[in-house]
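This report refers to the structure that appears directly beneath it.
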Amino acid sequence: MKSPLSYLVAAALVQSLGACSAEPTAPTPAATAEAADQRLVLAFGDSLYAGYGVLPQQSFPYVLEQRLRASGVPATVRNAGVSGDTTAAGLRRLAFTLDGLSRKPDLAIVGQGGNDMLRGLDPAETRANLDAICAELQRRGIPILLTGMRAAPNLGADYVKAFEGIYPDLARKYDALLDPFFLEGVVTQSALMLPDRIHPNPQGIERIADRVTPLVARALAPSRSS
């Protein structure tokens, strides 16, 4: 059976996760401004968070916010996704992004690394950058939820092992919750993906949010946050 990720190698020849990179920007609101009693969540990632190819109200941070509120968790999710972001670019803009928030987030959801893999960058570099991102969040006392990415098998067994090991290793190191593969259950279903076969469509994003929401709610629970 054809690997669900083999399409990534061909896609890397024409685009990365979001086509082109962007200058660092302050996070934009996923919905309304947060109230004083709401939890503040930062969604820090690439185009899979930014909402490439969909409307702002169909992006993952926005849908996640709605799911959290519907489940009784008063939260505002700030969209700090940048299309085309590599882990190096994410690291460069992290402090600017955090300093631009109204207050320290109760949780940072980090989804970086897909563009590094598509470009065939050394997994050691990806690991170092993600490690530095997590270290800065930890230094600021911000809990972390990592959403992982898988490597295309065409890149070779050594690359796949080195790349995919990054996320569980850092989750253990920083006591972070982990969603092993952000596109789990979506990337293999064409009905849930945009025509580029890289980004989820609105229905796919809803499926992802349904899976990730319980993890976010768990991370925001007082017993874990205290």
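For the stretch 84-94, indicate whether the set of residues that are out of contact with any Lys or Arg (no Cβ under 6 Å at 6 or more places or on another chain), aliphatic (A, V, I, L, M), crowded, with 21+ Cβ neighbours inside 10 Å and touching a residue at least 40 places away in the same chain (Cβ under 8 Å) is non-empty. Within the stretch 84-94 (the criterion being out of contact with any Lys or Arg (no Cβ under 6 Å at 6 or more places or on another chain), aliphatic (A, V, I, L, M), crowded, with 21+ Cβ neighbours inside 10 Å and touching a residue at least 40 places away in the same chain (Cβ under 8 Å)), the answer is yes, since at least one residue qualifies.
Yes or no, residue by residue, for (1) in contact with a Gly (Cβ under 8 Å, 6 or more places away or on another chain); (2) without any contact (Cβ under 8 Å) to a residue 24 or more places away in the chain:
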position	(1), (2)
Ile133	yes, no
Leu137	no, no
Gly141	no, no
Asn154	no, no
Ala157	no, yes
Gln189	yes, yes
Pro222	no, yes
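Would you call Asn129 within 27 Å of Tyr62 (Cβ to Cβ), part of a helix (DSSP H, G or I) and not acidic (Asp, Glu)? When the stated conditions are applied, Asn129 passes them. From Leu145, Leu192, Leu183, Leu155, which residue is at pLDDT 95 or above, over 19 Å from Ala108 (Cβ atoms) and either surrounded by fewer than 19 Cβ atoms within 10 Å (Cβ to Cβ) or under 16 Å from the mean Cα position of the chain (by Cα) (or both)? One residue alone meets the criteria, Leu183. Pairing each residue of the stretch 99-122 that is hydrophobic (A, V, I, L, M, F, W, C) with any residue that is assigned to a loop (DSSP other than H, G, I, E, B) and buried (at least 24 other Cβ atoms within 10 Å of the Cβ), provided the two are 6+ apart or on different chains, yields C-beta distances under 9 Å for Met117/Met149; Met117/Ala151; Leu118/Leu17; Leu118/Ile198; Leu121/Thr86.
The values are calculated or read from the model by the stated rules, or taken from the named source; none is laboratory data. Everything quoted here is computed from the prediction, not taken from an experiment. Reconstructed Cβ throughout: ideal geometry from the backbone, glycine too, with neighbour counts over all protein chains shown.
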